[in-house]
Amino acid sequence: MRRMEARTARRLAHGTWLGTLAIWIGALILAVATSTAGAIPLVLLGLPMATYGSVGALVARRDPRNPIGWLFSMVALALALWMFGTAYAEVGLVGSSGIGDLPGATAAAWTGVLALVALLPVGLPLFLLIFPDGHHLPRRWRPVAWAISLGGFLLVVGTVGQLWDLDSLVLHPPGWA
């Protein structure tokens, strides 16, 4: 596979960062539209999300071959997707806001839950394996990385078959699961 050009990597890092912030702002708007009390946790969770996204974008922009920057960016994106998916589903499914049913509310909620479950438990162990310089792992540590990845995959598969109770919102497993 061909290496990514530096200019493309910078654009992708900035785009991911801006997209993450836009998704988070969208979640804030939806939370404020329904109840201001729901916006407080989103603001508080937005601070680490913005930190992860900013550090990830800076590292990915500076050295696109360093996976730590991309890993941080993906963790921030997963947090933002979770916040937006939950807020959108609460507005679209619960209907307490008077807006009514929104298209794709269940899909948004499942996207947020799966993004969170897929990346957060896998992100920290992988970060610890490649810290501090982001170089590829020596051979003896590669089975650990594969085990972490397999665990993340199995966690996602197990999540799809579970009933999720998110305070005012209950997500039932899809019919195909």
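The values are calculated or read from the model by the stated rules, or taken from the named source; none is laboratory data. Just so it is clear, the model here is predicted, and its values are computed rather than measured. Positions of Cβ are generated from backbone atoms using ideal geometry, with glycine treated the same way; all protein chains shown enter the neighbour counts. With ligands, DNA and RNA removed, areas are computed over all heavy atoms of the protein, side chains included. Shrake-Rupley method; radii C 1.70, N 1.55, O 1.52, S 1.80 Å.
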By residue number, the members of the range 51-109 that are at pLDDT 80 or above and part of a loop (DSSP other than H, G, I, E, B) are Asp63, Pro64, Arg65, Asn66, Pro103, Gly104
Scan the range 142-177 for residues that are modelled with pLDDT of 75 or more, over 14 Å from Val117 (Cα atoms) and not β-branched (Val, Ile, Thr) and jot them down.
Arg142, Pro143, Ala145, Trp146, Ala147
Output for the range 127-146, where each listed residue is closer than 28 Å to Gly85 by Cβ and out of contact with any helix residue (DSSP H, G or I) (no Cβ under 9 Å at 6 or more places or on another chain)
Leu128
Subset of the range 110-136 (residues that are part of a helix (DSSP H, G or I), open to solvent by 60 Å² or more (accessible area, probe 1.4 Å) and in contact (Cβ under 8 Å) with a residue 40 or more places away in the chain):
Leu120
So if I check each of Leu30, Leu47, which one is in a helix (DSSP H, G or I) and surrounded by 17 or more Cβ atoms within 10 Å (Cβ to Cβ)?
Leu30
